[in-house]
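The values are calculated or read from the model by the stated rules, or taken from the named source; none is laboratory data. What you are looking at is a predicted structure, and each value in this text was computed from that prediction instead of being measured. Because the Cβ atoms are built from the backbone with ideal geometry, glycine has one as well, and the counts that use them run over all protein chains shown. The accessibility values were calculated without ligands, DNA or RNA, using every heavy atom of the protein model including side chains. Shrake-Rupley method; radii C 1.70, N 1.55, O 1.52, S 1.80 Å.
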Amino acid sequence: MSAGMSINDYYRGKGVLLTGGSGFMGKVLVEKLLYSVPDIGNIYILMRPKRGKSVNQRIEELQRLPLFDRIRNERPLAFKKIKVLQGDVLFENFGLSDMDIEKLSEEISLVFHFAATLRLEAPLKDNVNMNTCGTQRTLNVAKRLKNVEVFVHLSTAFCYPDYKVLEEKIHPPTVLPSDIMRLIEWLDDKQLALLTPSLLGAHPNCYTYSKRLAESIVANAFETMPVVIARPSIVCPALSEPLPGWVDNLNGPVGLMLGAGKGAIRSMLCDGSLFAQVIPVDTAINAIIAIGMIEGLRTEKPDVIPIYNINTGHQKPTTWGDVLKIGKDYGRKYPLAWPLWYPNGDITTNYALHEFKRIFYHLLPAYCIDFLLLITGQKRFMLRVQERISQGLQVLQYFTMRPWTFPCPNFDAIESKLHGDDKTTFSTDLSNVEKKEYIQNCVEGGRLYCLKEDPAKIHLNKMYQNFLYVLDWIVKILFSLLILSFLAKWFEPVKDVLSFGEPVVKHVPFLGPAVFDK
């Protein structure tokens, strides 16, 4: 690497091609490049029309997000560097013409492949088509770009669940990716559904499986292309840039905390003693930008493909129990608007207890609410919501019920390879970060950017939460009395014991009539 070269010096005038630019990490990458690498060339974002909106309309909407506030206020001309390409990784050559690719070939120096489906519960065909075949199609395009210095493939740190220690190296897939790609072409959805469990093996879902196959494809291209793999762990809201707590989805821990704050999630399988392997999105993007320069400046081809486990869990060890407790305490102090019930969820490692709570705290209330909506002529929705929550929890619980170990010497060495202000501007060290403040910012980010709630109305939220607190206790007491009344009817010793308290017991709802019925 050139001694003393800054990230801005390296990227000066260089064109970038980005797939997945409308996704969570993609948007943060675009913003960070525009703001902190002012001399960068054009950023070409692959985008498809969606929900009746053209790619130009979508890019305009994207630029109006709070995420880009500092660009609009300080460097509005930087938006001119965003060039949108109408295309899709689901199509060969992205659906672009040969002329389009030839033009890109003259300008593109770096390719960041972020496009992926993050629906962990999605079927095999959807995941493989987007994550695996999409990676192959992107590599095919990149091979036609004659000036590419580095191809950065965004993977996941969880793509090898059959290994206890997930090192910064490639492990072979159980089958050839080409065979699976042909399989999804030949077989229909029902046939694939039957085969999926045997294909997945140790993988908890089709997402991690398809990303593992994609890594194998990228590794195969290493002989002829300058490729590198970046593996972030669970990506969470921004630490500081462009806004503290910035997030645009409810995936991962933030969704859990907000779902619990809304009273919709009351129980979850999670080992609170395990360390949370997470990374703020802006820290992950800092690392990826730096990786682009570090690998792009290599003068000698390495013996093996460079891989970076992008994770900060070892820098600031924090257990899942700490994360959820801090989020829970903050949520009670500054409650969300109109929760379904008093937010009092908890985690457990006991499958039977979790299932009991899921039935009584998730499903039964959902049936009751939908029944009330039915008799009042309203549209039912609560059971569908709980089914989606159950699916999400089932997927996420795999990652919160087992320990994960990610040695990441390549990632840890990034800052030592940066110079001057880049060590601060593109920091990857979170050892001095205050975790309580960060988790609280995550909750606030979810409130502002996902739920679109007004923080000025928190005092009203507190009043409603106090009402739910009282109502929650009333329901618990009445339910306990109902259960006790059944025991008194069924078991004579219970009735005999309770009868000693006749002056009080006879006036207690449910219990009195059960104990002293004639």
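Tabulated results
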quantity	calculated
Long-range HN-HN contacts of THR319 with modeled amide H, under 5 Å	ALA276
Length released on extending from LEU471 to ARG64, taking residue separation times 0.36 nm less the Cα-Cα span	142.3 nm
Interchain or long-range residues, amide H under 5 Å from ILE310's placed H	ARG231, SER233
Surrounding net charge for ARG48, when Lys and Arg each add one and Asp and Glu each subtract one, Cβ distance under 11 Å	+3
10 Å binning of all Cα-Cα separations within the chain, expressed as whole percents from 0 upward	3, 16, 25, 24, 15, 7, 4, 3, 1, 0
Protein-only accessible surface order, largest first, of GLU61, GLU453 at 1.4 Å	GLU61, GLU453
Taking the chain and dividing mean pair separation by its residue count, relative contact order in percent (alpha carbons under 8 Å, at least six apart)	16 percent
Antiparallel bridges, percent of DSSP beta bridges restricted to the chain (to nearest 5)	10 percent
Simple label model, 7 Å out from Cα along Cβ direction - SER105 to SER390, nm	5.4 nm
For q = 0.17, 0.20 Å⁻¹, Debye-computed log10 I/I(0) when each Cα of the stretch 353-411 counts as one equal scatterer	-0.67, -0.81
Estimated FRET transfer efficiency (TYR351, GLN86; beta-carbon r; R0 45 Å; 0.05)	0.40
Karplus-derived HN-Hα couplings along the stretch 16-29 (A = 6.51, B = -1.76, C = 1.60, θ = phi - 60°), whole Hz, x at Gly and Pro	10, 10, 10, 9, x, x, 8, x, 4, 6, x, 4, 5, 4
Alpha-carbon radius of gyration plus Dmax, which is the widest Cα pair, for the stretch 1-114 in Å	14.4, 49
Derived scalar couplings ³J(HN,Hα) [the stretch 80-86; Karplus, 6.51 cos²θ - 1.76 cosθ + 1.60; whole Hz; x for Gly, Pro]	5, 7, 7, 10, 8, 10, 7
In Å², nearest 10: area of SER6 left accessible to a 1.4 Å probe	30 Å²
Where TRP473, TRP320, TRP338 fall by accessible area, highest first, once all protein chains stay in place (1.4 Å)	TRP338, TRP473, TRP320
Over the stretch 1-58, relative contact order from alpha-carbon pairs under 8 Å, at least 6 apart, %	39 percent
THR376 accessible area, 1.4 Å probe, all protein chains in place, Å² to nearest 10	90 Å²
Amide H partners (placed H, <5 Å) of LEU85, local residues excluded	ILE45, LEU46, MET47
Those residues of the stretch 123-151 whose amide nitrogen sits under 20 Å from the label point placed on LYS190, 7 Å along Cα→Cβ	123-126
Protection proxy ranking of 277-287, 82-92, 497-507, 460-470 - average other beta-carbon atoms within 10 Å, highest first	277-287, 82-92, 460-470, 497-507
Under Karplus coefficients 6.51, -1.76 and 1.60, residue-wise ³J(HN,Hα) of the stretch 274-291 in Hz, glycine/proline x	7, 7, 7, 9, 10, 8, x, 4, 6, 5, 4, 5, 4, 5, 5, 5, 5, 4
Subset of LYS169/LYS417; LYS81/LYS125; LYS164/LYS262; LYS211/LYS325 violating a 24 Å alpha-carbon distance limit	LYS81/LYS125; LYS164/LYS262; LYS211/LYS325
Cα gyration tensor category, rounded, prolate or oblate, for the stretch 147-288 with a/c compared to 1.5	oblate
Per residue Cα convex hull volume in Å³ - calculated over the stretch 414-479	166 Å³
Accessible area in the full protein assembly, largest first, 1.4 Å probe, for ARG447, ARG75	ARG75, ARG447
Percent accessible area from carbon and sulfur atoms, the stretch 458-517, protein chains only, probe 1.4 Å	75 percent
Computed Rg/Rh of the stretch 228-332, alpha carbon atoms with Kirkwood Rh	1.07
Debye equation applied to the C-alpha atoms of the stretch 458-517, log10 I(q)/I(0) at 0.13, 0.16, 0.18, 0.26 Å⁻¹	-0.43, -0.55, -0.62, -0.97
Shape of the stretch 113-192, Cα gyration tensor, a/c cut at 1.5	oblate
Computed [θ] at 222 nm, helices only, for the chain once each DSSP H run of length n ≥ 4 contributes -39500 (n - 2.57)	-14000 deg cm²/dmol
